[in-house]
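These notes are about the structure you will find just below.
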Amino acid sequence: MKIFSAEQIYEADKFTIAKQKITSDELMERAAVQIFNWMHDRLQGASVHIHLFCGIGNNGGDGIALARLLHENNYAISVHVVNYSEKRSKDFLINLDRLKERKLWPDFLDPKSEMPILGKDDIIVDAIFGIGLNRAPEAWVTKLIMHINASQAFVLAVDIPSGLYMSTIPENPEAVIKANHVLSFQTPKMVFFLPQTGVYMNQWEILDIGLDEEYLQKTKSAYNLIGLQEIRPMYIPRLKFSHKGTYGHSVIIGGSQGKIGAVNLAARACLVAGSGLVTAFVPQCGLLPLQSSAPEIMVLTDMDDKKLTSIALNIKATAYGIGMGMGTAKETRKAFKSFLENYQNPMIIDADALNILSQQPELLKLLPENSVLTPHPKELERVIGKWDDDFNKLEKVKAFTKKHHCIMVVKGAHTIIVDGNDFYVNSSGNPGMATAGSGDVLTGLLTGLLAQGYQPLNAAIFGVFLHGLAGDIAVSNKGYEALIASDLIENLGRAYMELFKGPEEVSTEAEV
């Protein structure tokens with residue numbers, strides 16, 4: 001699903017109005033009807049008081065049109081027009097006249113107005129600002145927003161929580177509506193998925209208001225939301241007349257004394273992901289633990305007992321995953337450099353391999369093209385430097401991937417895969433996955449996909465989604481707190497099976 005910019009959404013509105021030969025207020029009516037239907041399906045005429053806070057632009061017009069529909073269906077409502085400017089949109093005024101024709105008079109709020117009384121059992125509809133906001137609200141509007149946030153009422157935001165911008169973080173966190181639910185028109189907004197802006201909403205949902213399908217299909221977006229619909233076509237099916245060699249030989253490289261478990265997790269995940277063969281290359285201290293705990297995995301060792309000092313492989317592998325638990329000792333850094341000099345195919349680079357790259361940035365020129373880097377936030381900071389905010393972080397990652405011709409997996413609640421100018425926002429996963437070893441499992445999974453012939457970008461997108469889906473399945477049985485990294489491996493098979501279920505069979509945890 002594409003995630004459009006504010007400019008593209010405005011253009012979609014214009015394109016739809018022109019092609020479908022409708023007026024802009026008719027498009028606004030569509031939006032209001034969809035919101036009303038959503039509310040009415042859930043409230044069924046319940047005797048709850050609904051406060052609608054409407055700005056004087058098109059977002060406010062949506063709210064005013066919604067107020068008319070609620071009034072016509074006998075809901076108890078109060079309409080508050082937030083009079084933050086003398087300018088009013090044409091469609092806001094049209095709908096305001098329609099409301100007055102029904103003898104429903106809004107309460108006009110200005111800097112001198114008393115704050116409306118809001119009960120914790122009321123419902124608040126936030127239609128103050130839309131996607132066009134580009135400056136901080138005035139002090140009195142900020143005070144009103146704080147009053148709404150303190151009310152404990154259920155807050156439903158129209159399209160986007162008021163106070164949020166589309167392409168930067170708000171200057172004043174208190175000047176943003178904290179919505180329980182957001183009803184977004186046609187496509188989600190990028191701010192829904194970033195830590196500094198996503199915190200202003202608990203849930204969001206898309207309402208189809210009939211924007212022109214031709215425009216939506218043909219317009220390219222830099223940002224894409226990845227769900228089951230996008231993942232299924234990426235899957236490479238297995239052939240009947242195949243063998244283990246058909247699905248590649250993966251090598252997982254890492255480990256040091258006390259950190260062999262990271263290699264164990266990565267190697268097992270690689271095997272369960274479908275790699276035909278998996279070899280782990282570790283210090284000698286890892287031989288016995290790996291051979292006894294994972295008999296399906298072959299093991300090669302360094303001459304050193306405690307750390308990697310030389311990565312000498314006498315096998316022809318299809319894919320490499322390197323870095324987990326290997327440390328950054330001088331000998332290990334030297335071995336990693338030699339490895340990069342000798343192996344030119346795309347590989348998965350994680351953990352201490354990333355830390356070595358941050359310590360010796362000159363090694364970045366040795367990075368095989370289209371390699372996939374999988375840093376957690378601190379590792380990412382070491383590699384690209386500090387960032388000002390979430391949007392600046394993505395811009396820095398974009399510049400890094402373009403400069404070094406690589407793919408970056410930016411881990412988070414919504415992991416984002418960055419490939420030059422393109423961003424892929426993952427929709428699977430949950431807070432239970434914030435646990436030791438989860439990243440090692442991801443590295444092994446991505447390596448296994450690469451070994452089977454998935455192109456690096458598809459391996460990253462498909463693997464991140466599958467990783468999160470396995471977590472969603474696992475957490476449905478164990479809860480957030482009890483989930484451990486091994487549970488992700490154990491549920492990878494179920495995650496694969498989830499890909500082929502019909503819409504009515506897909507579990508709630510797996511849905512976007």
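The values are calculated or read from the model by the stated rules, or taken from the named source; none is laboratory data. Nothing here was measured: the structure is a model prediction, and the numbers come from that model. Cβ sites come from the backbone with ideal geometry, for glycine too, and all protein chains shown count toward neighbours. In case anyone asks, the SASA skips ligands and DNA or RNA and just uses the protein heavy atoms, side chains included. Shrake-Rupley method; radii C 1.70, N 1.55, O 1.52, S 1.80 Å.
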Condition check: assigned to a loop (DSSP other than H, G, I, E, B), open to solvent by 70 Å² or more (accessible area, probe 1.4 Å) and of a type in the set (A, V, I, L, M). Does Met303 satisfy that?
yes
Would you be able to tell me the number of residues in the stretch 409-431 that are closer than 26 Å to Gly479 by Cβ and either part of a loop (DSSP other than H, G, I, E, B) or of a type in the set (Gly, Ala, Ser) (or both)?
9
Checked pairs for the stretch 156-181, first touching a residue at least 12 places away in the same chain (Cβ under 8 Å), second open to solvent by less than 10 Å² (accessible area, probe 1.4 Å) and of a type in the set (Ser, Thr, Tyr), C-beta under 8 Å and 6 or more apart or across chains, list as Asp159/Ser184; Ile160/Ser184; Leu164/Thr197; Ile169/Thr197; Pro170/Thr197; Val176/Ser162; Ile177/Ser162
Would you confirm whether or not the stretch 265-284 contains a residue that is open to solvent by 70 Å² or more (accessible area, probe 1.4 Å) and not aromatic (Phe, Trp, Tyr)?
yes
Of everything in the stretch 314-337 that's modelled with pLDDT of 95 or more and open to solvent by 50 Å² or more (accessible area, probe 1.4 Å), which residue is nearest to Asn264 (Cα to Cα)?
Thr318
Residue satisfying all of: in the stretch 451-462; open to solvent by less than 20 Å² (accessible area, probe 1.4 Å) and touching a Ser or Thr at 6+ places or on another chain (Cβ under 8 Å); farthest from Ile417 (Cα to Cα) among these:
Ala451
Of Thr142, Thr168, which residue is in contact with an Asp or Glu (Cβ under 8 Å, 6 or more places away or on another chain) and assigned to a loop (DSSP other than H, G, I, E, B)?
Thr168
Any residue in the stretch 308-327 that is part of a helix (DSSP H, G or I) and of a type outside the set (D, E, K, R)?
no
So, restricting to helices (runs of 4 or more DSSP H) that lie completely within the stretch 340-407, which ones have at least 1 residues that are over 29 Å from Ile169 (Cβ atoms)?
351-359
Just for the stretch 338-353: of the residues that are in contact with a Ser or Thr (Cβ under 9 Å, 6 or more places away or on another chain), open to solvent by 20 Å² or more (accessible area, probe 1.4 Å) and not acidic (Asp, Glu), which one is farthest from Val410 (Cα to Cα)?
Ser338
Tell me which residues, restricted to the stretch 147-173, are under 18 Å from Thr197 (Cβ atoms), out of contact with any Lys or Arg (no Cβ under 7 Å at 6 or more places or on another chain) and surrounded by fewer than 21 Cβ atoms within 10 Å (Cβ to Cβ).
Ser167, Thr168, Ile169, Pro170, Glu171, Asn172, Pro173
Residues within the stretch 3-29 that are more than 13 Å from Asp159 (Cβ to Cβ), touching a residue at least 60 places away in the same chain (Cβ under 8 Å) and of a type in the set (D, E, K, R), tallied:
3
If you scan the stretch 201-246, which residues turn out to be among the β-branched types (Val, Ile, Thr), open to solvent by 20 Å² or more (accessible area, probe 1.4 Å) and part of a strand (DSSP E or B)?
Ile206
Matching entry among Asn83, Asn73, Asn134, Asn95 (being of a type in the set (S, T, N, Q) and open to solvent by 70 Å² or more (accessible area, probe 1.4 Å)):
Asn134
Check off (1) open to solvent by 20 Å² or more (accessible area, probe 1.4 Å); (2) in contact (Cβ under 8 Å) with a residue 40 or more places away in the chain; (3) under 34 Å from the mean Cα position of the chain (by Cα) for Arg42 and give me the number that stays unchecked.
(2)
Test Asn134 against the criterion of being in contact (Cβ under 8 Å) with a residue 12 or more places away in the chain, polar (S, T, N, Q), outside any strand (DSSP E or B) and over 18 Å from His80 (Cα atoms), and give yes or no.
yes
Going residue by residue through the stretch 301-313, is there one that turns out to be touching a residue at least 40 places away in the same chain (Cβ under 8 Å) and closer than 14 Å to Gly448 by Cβ?
no
Taking the stretch 397-419 and keeping residues surrounded by fewer than 20 Cβ atoms within 10 Å (Cβ to Cβ) and of a type in the set (Lys, Arg) leaves Lys398, Lys402, Lys403
